[in-house]
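S.K.: My questions all concern the structure below.
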Amino acid sequence: MRAHEAGALHGNDAAPTWLPFPTDVNALIPGLWSSTCVRDADGALEIGGVSATTLAEEVGTPAFVLDEDDFRERARAFRTAFTTAFAPHAGADVYYAGKAFLCGAVARWVDEDGLGLDVCTGGELAVALRAGFPADRMALHGNNKSDREIARALEAGVGRIVIDSLAEVRQAARVASDLGVQAHVMLRVTTGVEAHTHEFIATAHEDQKFGLSITSGDALTAVREVLASPELGLVGLHSHIGSQIFDVGGFEVAARRVLDLVAQVREELGHTIEHLDLGGGFGVMYNTQHTPSTPEDLASGIAAIIEKECHELELEVPHVAFEPGRAIAGPSTQTLYTVGTVKDVRLGGPHHRVYVSVDGGMSDNVRTALYDADYSCLLAGRVSDAPPEVVRVVGKHCESGDIVVKDEYLPADVQRGDLVSVPVTGAYCYSLASNYNHVPRPPVVAVKDGRWRTLVRRESEEDLLALDVG
Ligand SMILES: *Cc1c(COP(=O)(O)O)cnc(C)c1O
């Protein structure tokens, strides 16, 4: 799928093979930009009715610009698609995976739009509780929960605690017993299916930190232990197979293995598992290589798979849950940067590469460095008649791997002071942001109906200095 790096080494002579030469370097590629994003009469990008130029002046750069309508439409689309597809059976819930991006406003939208919420640390739980998110529609994840995190979840009345290990079965029972409550738990099982993008790998052994292995028998042991613990109530089984998945094939193998366990639990322990959570991981379009499915196609495809497997195993279709994070948050947001240094670097012979430096970088988007992600970008403050040239958009950090967009066409007259916007930065960008080089983290502003408002304010140097108390 991925173009070999050597392709890009030809600099301006050759873009990576996957990157099409633009017919119009100013045009918005369909599917890449949030639903309200257009070019305004001045040629600037406009998101939620607010121009990128206005945002840059009033908010400053870098800034995460979140298209509120886009986020909420996606959240509702997933909820509607899955509840509709499973309406003939026991129904479905959709939980937004808060780790993709969480703040108070997002928690309130997710609540209003009828989704549940996944949190996986005490910090995420605190954000959700402060926002007034109903605890019974929350799930607490994590492979290394502290007693305190479990206790806070139980005190708040969190609907499901997703247990990740045999040790945690006993830990949750002990904490629940100390509090005199019963913990409602799911067991996260590993199916040996690992999915990313267009491929998935199905193996028998699972060399990773999450979950209880079905193959080794740990999953069945955990079910037996939960059923024997009066402090624990078994809600169901959970499986999450990976991220940025485009194909339901991975879910097919995983669902079969989990449902085999459901059948085994029924036969050996006489217990009916009523809830199945198949996790998240639905892919988004970061560039033209990616072809995400609609929520409707995902939901109907997965429903067909589960119906078939349940039929073969003579099981009732359980109540199901799904946990999209990236597919809801990712496409809603773009990052607005200001261009600084533009450098044309000779690569030997006729080859060269144009490095466009922006005022953020790996501190606000580490995905390129961490996951080899391929982002896209556009000139955001104006259109240009200059010919397209391949550039590399880099940050301001002391790290040569500080790349935001590895290869993209921008107009050849891109210069200091220009605005550049990178789409689909709503998931795993702010939530993975750091203070590397003591660069304060950007704000997150929501745009809607011609107005912007701050959801998370820009970090200041005072914020950074305030932590340094030694
Ligand atoms: C990360 C995660 C998700 C969300 O994954 P996306 O790729 O953002 O959809 C859902 N469930 C669990 C358990 C996760 O760890």
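S.K.: When you scan the range 168-182, do you find a residue that is hydroxyl-bearing (Ser, Thr, Tyr) and either within 16 Å of the ligand (Cβ to nearest atom) or buried (at least 20 other Cβ atoms within 10 Å of the Cβ) (or both), even just one? It would help to see each step written out before you state the result.
M.R.: The first filter runs over the range 168-182 and keeps only residues hydroxyl-bearing (Ser, Thr, Tyr), leaving 177.
Then drop every residue that is not either within 16 Å of the ligand (Cβ to nearest atom) or buried (at least 20 other Cβ atoms within 10 Å of the Cβ) (or both), which leaves none.
No, that holds for no residue.
S.K.: Next question. For a quick check of your reading of the model, give me the residue pairs whose first member lies in the range 127-150 and is in contact (Cβ under 8 Å) with a residue 40 or more places away in the chain, whose second is of a type in the set (Lys, Arg) and buried (at least 21 other Cβ atoms within 10 Å of the Cβ), with beta-carbon atoms closer than 7 Å and at least 6 apart or on different chains.
M.R.: Taking only residues 6 or more apart or on different chains, the pairs are ALA139/ARG160.
S.K.: Which ranges mark the strands (runs of 3 or more DSSP E) fully within the range 151-242 that have 1 or more residues being closer than 24 Å to LEU129 by Cα and among the small types (Gly, Ala, Ser)?
M.R.: The strands (runs of 3 or more DSSP E) meeting that bar are 183-190, 232-238.
S.K.: Do we find a residue being surrounded by 24 or more Cβ atoms within 10 Å (Cβ to Cβ), within 17 Å of the chain's Cα centre (by Cα) and in contact (Cβ under 8 Å) with a residue 40 or more places away in the chain anywhere in the range 306-318?
M.R.: Among the residues of the range 306-318, not one is surrounded by 24 or more Cβ atoms within 10 Å (Cβ to Cβ), within 17 Å of the chain's Cα centre (by Cα) and in contact (Cβ under 8 Å) with a residue 40 or more places away in the chain, which makes the answer no.
S.K.: Next question. Does VAL253 satisfy being more than 16 Å from the ligand (Cβ to nearest atom) and modelled with pLDDT under 95?
M.R.: yes
S.K.: Still on this structure, please answer the following. Just give me the residues in the range 34-57 being of a type outside the set (Asp, Glu), in a loop (DSSP other than H, G, I, E, B) and either in contact (Cβ under 8 Å) with a residue 12 or more places away in the chain or more than 17 Å from VAL383 (Cβ to Cβ) (or both), in sequence order.
M.R.: SER34, SER35, THR36, CYS37, GLY43, ALA44, GLY48, GLY49
S.K.: Is there any pair linking a residue in the range 379-407 that is surrounded by fewer than 23 Cβ atoms within 10 Å (Cβ to Cβ) to one that is small (Gly, Ala, Ser) and assigned to a strand (DSSP E or B), with Cβ under 8 Å and at least six apart or on different chains, and which?
M.R.: Partner pairs satisfying both residue conditions: LYS396/GLY340; LYS396/SER357.
S.K.: If you don't mind, there's one more thing I want to ask. Within the range 12-57, track down each residue that is assigned by TED's automatic domain parsing to the domain that holds PRO350, loosely packed, with under 14 Cβ neighbours inside 10 Å and in contact with a helix residue (DSSP H, G or I) (Cβ under 8 Å, 6 or more places away or on another chain).
M.R.: Passing the criteria: only ASP42.
S.K.: Would you be able to say whether some residue in the range 196-211 is crowded, with 18+ Cβ neighbours inside 10 Å and either aliphatic (A, V, I, L, M) or not assigned by TED's automatic domain parsing to the domain that holds ASP297 (or both)?
M.R.: no
S.K.: Of all residues in the range 258-305, which are in contact (Cβ under 8 Å) with a residue 60 or more places away in the chain and either more than 16 Å from the ligand (Cβ to nearest atom) or surrounded by fewer than 17 Cβ atoms within 10 Å (Cβ to Cβ) (or both)?
M.R.: Residues satisfying the conditions are LEU261, GLU274, ASN287, THR288, GLN289, THR294, GLU296, SER300, ALA303.
Residue-wise test of (1) in the same structural domain as THR54 (by TED's automatic domain parsing); (2) in contact with a Pro (Cβ under 6 Å, 6 or more places away or on another chain); (3) over 19 Å from THR338 (Cα atoms).
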{"residue": "LYS396", "(1), (2), (3)": "yes, no, no"}
{"residue": "ILE403", "(1), (2), (3)": "yes, no, no"}
{"residue": "ALA412", "(1), (2), (3)": "yes, yes, no"}
{"residue": "LEU419", "(1), (2), (3)": "yes, no, no"}
{"residue": "VAL424", "(1), (2), (3)": "yes, yes, no"}
{"residue": "ALA433", "(1), (2), (3)": "yes, no, no"}
{"residue": "GLY450", "(1), (2), (3)": "yes, no, yes"}
{"residue": "LEU455", "(1), (2), (3)": "yes, no, yes"}
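S.K.: Could you list, ordered by first residue, the pairs with Cβ atoms under 9 Å in which the first is in the range 236-249 and under 10 Å from GLY283 (Cα atoms) and among the aliphatic types (A, V, I, L, M) and the second is within 9 Å of the ligand (Cβ to nearest atom) and assigned to a strand (DSSP E or B), at least 6 apart or interchain?
M.R.: That search, which allows pairs on different chains as well, returns ILE245/PHE282.
The values are calculated or read from the model by the stated rules, or taken from the named source; none is laboratory data. Since we're looking at a predicted model, the values are computed, not measured. Here the Cβ is made from the backbone with ideal geometry for all residues, glycine too, and neighbour counts use every protein chain on show.
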